[in-house]
Amino acid sequence: MHGARGSVILVLVVFAILLLQSVFSRVLAPYPFAPYLGLPLVFALGTAPGVRVLRGAATAFAIGYLYDLFTGNPLGIHTFVFVVGYLCAWLVGTLLSFRGVPFEMILTFALTFLLGGLLEFIRAFVPGGMAWSGLTLALALAGSAMTTALVAPLLFAFARRIDPATERAPA
């Protein structure tokens, strides 16, 4: 039961972060460099040894659903991408034994870049989706991934404070 409470608190925190991000989006982060503040929390769940796969996937689903509601995208796009991101982070966390701030930043940068590309690929098939040139898309994805990676250590630490099951495994 403790794990479910941690997931609910994490989803509520992401809801508050999304409210703040939507209110201050024009002032704090111009579009190409806007971080995905929910992704590092999902990655923290994925790399944590104490979080079961079903609980983490359900939490990632809820966080992705909130992102869909806040961004105005068709429901299911961010939901799918966040669950895929959780499963990728879980796989990387299971296969690799690296831990620490550099690991968190590199993991966040790489997965945010790849998941952003997946998101834009899916949006290309949605009516009214944007068409990007290759270089413009790569620069926008790299900028967003970089800013997300810069805030990732803070969000990983925050996730560990909220939910003890997300504590790092010993290296």
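The values are calculated or read from the model by the stated rules, or taken from the named source; none is laboratory data. In this text, all values refer to a predicted model and were calculated from it rather than measured experimentally. Neighbour counts are summed over all protein chains in view; Cβ atoms, including those assigned to glycine, are modelled from backbone coordinates with ideal geometry.
Considering only residues in the stretch 148-165 that are under 15 Å from the mean Cα position of the chain (by Cα) and crowded, with 19+ Cβ neighbours inside 10 Å, the one that is nearest to PHE109 (Cα to Cα) turns out to be ALA149.
Where helices (runs of 4 or more DSSP H) fall entirely within the stretch 4-110, those with at least 2 residues that are within 17 Å of ALA149 (Cα to Cα) and small (Gly, Ala, Ser) are at 39-47, 77-95. Can you find a residue that is of a type in the set (D, E, K, R), surrounded by fewer than 16 Cβ atoms within 10 Å (Cβ to Cβ) and free of Cβ contacts under 8 Å to residues at least 60 places away in the same chain anywhere in the stretch 61-73? No, there is no match, as no residue in the stretch 61-73 is of a type in the set (D, E, K, R), surrounded by fewer than 16 Cβ atoms within 10 Å (Cβ to Cβ) and free of Cβ contacts under 8 Å to residues at least 60 places away in the same chain.
Taken across the stretch 148-164, residues that are out of contact with any His (no Cβ under 6 Å at 6 or more places or on another chain), in a loop (DSSP other than H, G, I, E, B) and modelled with pLDDT of 80 or more do not occur at all.
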